[in-house]
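Any read-out appearing in this document is the output of simple, stated calculations on the displayed coordinates, not a laboratory observation. The structure displayed is predicted, hence computed values, not measured ones. For neighbour counting, all protein chains shown are included, and Cβ atoms are generated from backbone atoms with ideal geometry for every residue, glycine included.
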Amino acid sequence: MKYRDLAIKNANDLIFGNTPHPVTTKRGLVIGGGRVYPELNFTLPSIEVSPDSKEQVIEHYRQITTGALERAKDLYSQGVVLELETVIEMTKYPDIGVGVVKTMNEICEEYYQKHQLPTEIRLTPNDLREFDRPPRQRTGAYLDPMMQLFEEGAKAGGNLLSIESTGGKEISDDALMMCNMTQFIFSQAVLGVRDMHFLWDKIADVAGKTGVLMGGDTACGFGNTAMVLAEKKYIPKIFAAVARVATVVRTLVAVEHGATGPDKDCGYEGPFLKAIAGIPISMEGKTAACAHLSPVGNIAAACCDLWSNESVQNIKLLAGFAPTVYLEQLEYDCRLMNQAVHKGHDACTQLQELMVNSDISYDPQALVLAPESVIEISKEIVKGNNYIEACVLGCLKSVEIIDKAYKQDKLTLNDMELTWIDMLRSELEAIPFNEEKFIDLVVPTLDQNKILLNEYGIT
Amino acid sequence: MEKIIEQIAHCIEFGKIDKNSPFPPDMKGQDGADELVKSALDSGIKPSEILSDGMIAAMEKVGNKFTQNKIFVPQMLMSAKAMSKAMLHIKPYFQDGSVQQKGTFVIGTVSGDLHDIGKNLVSMMVEGNGWNVVDLGVDVSAESFIETIKQYPGCFVGLSALLTTTMVSMEKIVGEIKAASPDTKIIIGGAPVNQEFCEKISADAYSPDPQGAVSSLNKLLAA
């Protein structure tokens with residue numbers, strides 16, 4: 001663990017639009033330096049993606065980019081980040097992904113030159129490695145095309161590199177379904193951390209060679225899977241809240257490898273990264289309802305530096321195509337936050353308080369994202385002498401915060417949820433911090449057909 | 001109903017797998033579904049009675065409680081584990097014909113898609129309802145589905161997709177299965193699909209949740 005102290009020590013300073021280490025992009029966006037920008041995310045409608053349909057795919061992205069930037073121009077936007085999160089075939093056949101980046105970048109450059117609208121492309125290749133079952137994180141054939149897309153895509157204009165990496169997912173999915181916190185923490189603090197070191201070493205090489213920024217990773221496949229399962233009432237909200245906190249240490253590894261942010265939108269662990277490392281973050285909340293429901297619609301914006309919509313299909317709505325419509329929504333949210341930034345810290349605090357208080361009492365997943373909770377939990381995380389200890393200490397603090405809020409009538413929980421407070425605390429307290437001992441404890445409990453431990457450097 | 005059948009149902013409903021299993025805590029040290037089903041068979045109770053009145057009836061209760069948001073998935077999974085362990089004692093009777101399964105359900109996530117949590121839940125619920133389930137996993141091609149259908153004549157098929165781009169794959173697979181085996185009934189599910197899409201691609205049923213998949217299957221079986 002590189003970080004032993006917090007970059008932001010007071011909840012009052014964990015605020016939207018500003019962070020201790022802002023990032024300046026090639027076209028001049030200063031992210032985290034006094035302004036919140038929209039980050040627009042989009043995906044294809046139901047069409048086939050293959051080398052044969054490359055031109056059709058590119059045409060969709062051309063139309064999405066043009067529509068969104070034209071709307072941004074008309075709304076006097078001060079800047080936009082566009083995220084290209086590739087679908088499987090666009091990574092499997094990097095030529096498709098690179099073609100899309102190139103086209104998007106040409107449009108971005110045109111709007112920059114003609115209209116002085118600064119934009120950047122976040123390139124997020126999807127992690128193909130889980131196509132092998134069990135996944136071959138280090139030796140599988142899917143790693144090469146993925147890294148090729150990173151490199152060629154960066155050269156084509158993908159100036160912010162990100163990924164939702166999947167190390168540990170072969171264990172975490174079942175752990176979430178069984179609400180097995182011990183196995184979930186193993187998937188994050190052992191498997192996830194080990195895979196992040198492996199992968200971000202490679203991404204750092206690409207960024208170094210191509211001169212682009214490393215945005216960061218997200219635990220979307222872990223924390224957000226938990227959140228969606230909780231929204232479907234498949235697992236307790238308390239479990240999802242603690243699972244969210246458990247994802248922080250694995251995502252922090254990208255920052256240890258040089259990721260400067262902005263961390264990616266679907267990583268609701270972003271506020272913890274901002275508190276610990278001071279990097280700018282992207283967040284998504286109510287404007288991401290097009291992609292998934294969540295209990296954190298307002299509070300998610302409390303300390304964002306980019307404000308995102310997660311993903312919307314390129315389909316026609318009454319007002320226009322959906323990505324254009326969502327750009328408008330994001331822009332208005334950003335205007336409001338930027339007006340507060342313009343008026344000063346008190347105005348920001350007031351707006352943040354409304355965001356936080358409007359969500360905080362309904363769901364423990366919102367509670368753990370409140371700035372005060374984030375700082376308390378982050379303080380515990382940086383006390384850890386290794387990733388496992390950091391992870392467990394953070395989780396225990398989150399259980400304590402949830403328990404306290406419930407007992408003070410500040411959080412609503414039903415009886416089905418309540419039983420999990422003590423169960424989770426007991427389970428967390430039994431986890432050994434020594435990695436070797438933790439591996440010895442957990443490995444015999446895993447389905448051995450699902451995981452190749454040597455792909456994580458575990459012998 | 002025999003008392004032991006009620007006990008079996010109770011064990012399965014509350015996820016008591018065997019005597020050694022620590023869950024649920026209030027049944028610690030007591031016989032579980034494993035021991036009780038064996039005892040019931042040894043005492044001469046018909047395996048079909050144990051299966052339908054004890055095991056399947058309990059899983060139906062579990063499914064209903066889950067649908068009504070009265071339990072979470074882990075509790076349902078514990079019930080499914082108890083069911084699976086107990087089923088080991090019943091399986092020999094399938095071979096001699098004294099117990100009938102409802103049929104075979106072949107399920108998989110369509111090619112190009114790796115999401116399997118929803119599919120796994122459906123598998124578990126369908127199996128608990130007395131079906132033989134053949135789970136082909138994720139990223140499953142039309143060829144693989146068709147090959148499996150040949151191995152299990154009269155089987156029903158379930159397709160899952162979570163991406164808008166793999167809906168295309170789902171449509172293709174439905175088309176190829178129907179071309180190769182027109183009578184095979186296909187159920188679809190997953191976040192981006194709906195009843196309208198089901199009708200468009202000529203699948204036979206759409207279900208938004210695992211319990212719905214069980215109901216749809218049973219309806220298709222009865223039709």
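For the stretch A:2-34 versus the stretch A:295-337, the spacing of their alpha-carbon centroids is 21 Å. Sequence-distant contacts, meaning Cα pairs under 8 Å at least 6 residues apart, place the relative contact order of chain B at 16 percent. The alpha carbons of the stretch A:159-310 give a radius of gyration and a Dmax of 14.7, 46 Å, in that order. Under 5 Å between amide hydrogens, built in the peptide plane, is the criterion, and for A:M283 it picks out A:D305, A:L306, A:W307, A:S308 among residues at least 5 positions away or on other chains. Against the empirical curve 2.2 N^0.38 Å, the C-alpha radius of gyration of the stretch A:373-445 lands at a ratio of 1.25. Once the Cα atoms of helix B:210-222 and of chain B are each reduced to a long axis, what angle between those two axes, in degrees from 0 to 90 to the nearest 10, is obtained? Roughly 80 degrees between the two axes. With 30 Å as the limit, the listed pairs A:K397/B:K81; A:K264/A:K407; A:K316/B:K200; B:K65/B:K102; A:K73/A:K316 have A:K397/B:K81; A:K264/A:K407 beyond it between alpha carbons. For the stretch B:3-95, the Stokes-Einstein estimate of translational diffusion at 4 °C and a viscosity of 1.567 mPa s comes to 101 µm²/s, using the Kirkwood hydrodynamic radius over alpha-carbon pairs. Counting only the backbone N, which residues of the stretch A:218-260 are under 13 Å from the spot 7 Å out from the Cα of A:T419 toward its beta-carbon? Zone members listed by number: A:236.
When the Cα positions of A:Y93, A:G17, A:L44 are compared along the charge dipole of chain A, A:G17 comes out farthest toward the positive end, with charges on each C-beta of Lys, Arg, Asp and Glu. By the beta-carbon count within 10 Å of each Cβ, the least crowded to most crowded order of A:I235, B:I45, fewest first, is B:I45, A:I235. Using only side-chain charges placed at the Cβ, +1 for Lys and Arg and -1 for Asp and Glu, the dipole size of chain A relative to its Cα centre rounds to 640 debye.
Spin-label model, B:A180/A:A319: points 7 Å from Cα along the beta carbon direction are separated by 4.7 nm.
Every Cα-Cα pair of the stretch B:104-222 was included, and the share exceeding 22 Å stands at 20 percent. Beyond a 24 Å Cα-Cα separation, which of these cross-linked pairs lie in this structure: A:K437/B:K28; B:K3/B:K38; A:K169/B:K85; A:K274/A:K450; A:K232/B:K185? Check vs 24 Å cut-off fails for A:K437/B:K28; A:K169/B:K85; A:K274/A:K450; A:K232/B:K185. With neighbour counts taken as other beta-carbon atoms within 10 Å, the residues A:C290, A:C220 rank, fewest first, as A:C290, A:C220.
What is the stretch A:11-456 by shape, rounded, prolate or oblate, if you read a ≥ b ≥ c off the alpha carbon gyration tensor as root eigenvalues and call it rounded for a/c under 1.5, prolate for a/b larger than b/c, and oblate otherwise? Oblate. Here's the picture: a label point sits 7 Å out from the Cα of A:N385 along the beta-carbon direction, and within the stretch A:1-20 the residues with their amide nitrogen under 18 Å of it are A:1-5.
For chain A, the list of Cys residues with no other Cys C-beta under 4.7 Å reads A:C108, A:C179, A:C290, A:C303, A:C304, A:C334, A:C348, A:C391, A:C395.
With axes computed from alpha carbons, what is the tilt in degrees of helix B:57-67 against the longest principal axis of chain B, rounded to the nearest 10 within 0 to 90? Taking Cα atoms only, the helix is inclined about 60 degrees.
Taking other C-beta atoms within 10 Å as the exposure proxy, A:Y37, A:Y111, A:Y326, B:Y152 rank B:Y152, A:Y111, A:Y326, A:Y37 from fewest upward. Entry note, the protein assembly as shown: the mean residue ellipticity at 222 nm calculated from DSSP H runs of n ≥ 4, each adding -39500 (n - 2.57), is -15500 deg cm²/dmol after division by the residues and rounding to the nearest 500. Around the Cα centre of the stretch B:3-95, unit charges on the Cβ atoms of Lys, Arg, Asp and Glu (plus for the first two, minus for the last two) sum to a dipole of about 220 debye.
Values of log10 I(q)/I(0) for chain B across q = 0.10, 0.13 Å⁻¹ run -0.47, -0.75, by the Debye formula with one identical scatterer at each alpha carbon and no solvent. Projecting the Cα positions of A:I451, A:G34, B:A179 onto the charge dipole of the protein assembly as shown (unit charges on Cβ atoms of Lys, Arg, Asp and Glu, taken about the Cα centre) puts A:G34 furthest along the positive direction. Taking Lys and Arg as +1 and Asp and Glu as -1, the other residues whose beta-carbon sits under 13 Å from that of A:V296 total -4. If only the Cβ of Lys and Arg carry +1 and only the Cβ of Asp and Glu carry -1, the dipole of the stretch B:104-222 around its Cα centre is close to 220 debye.
Couplings 3J(HN,Hα) of the stretch A:411-418, computed from phi: 9, 8, 9, 8, 4, 4, 6, 4 Hz, in residue order, whole Hz [Karplus 6.51 cos²θ - 1.76 cosθ + 1.60, θ = phi - 60°; x for Gly and Pro].
Computed from Cα positions, the angle between helix B:142-151 and the longest principal axis of chain B comes to roughly 50 degrees. Rounded to the nearest 0.05, the FRET efficiency derived from the C-beta distance between B:K102 and A:I47 at R0 = 51 Å is 0.85.
Within the stretch A:144-176, name every residue whose backbone N is under 16 Å away from a label modeled 7 Å from Cα of A:N454 along the Cβ vector. None, by backbone N distance to the label point.
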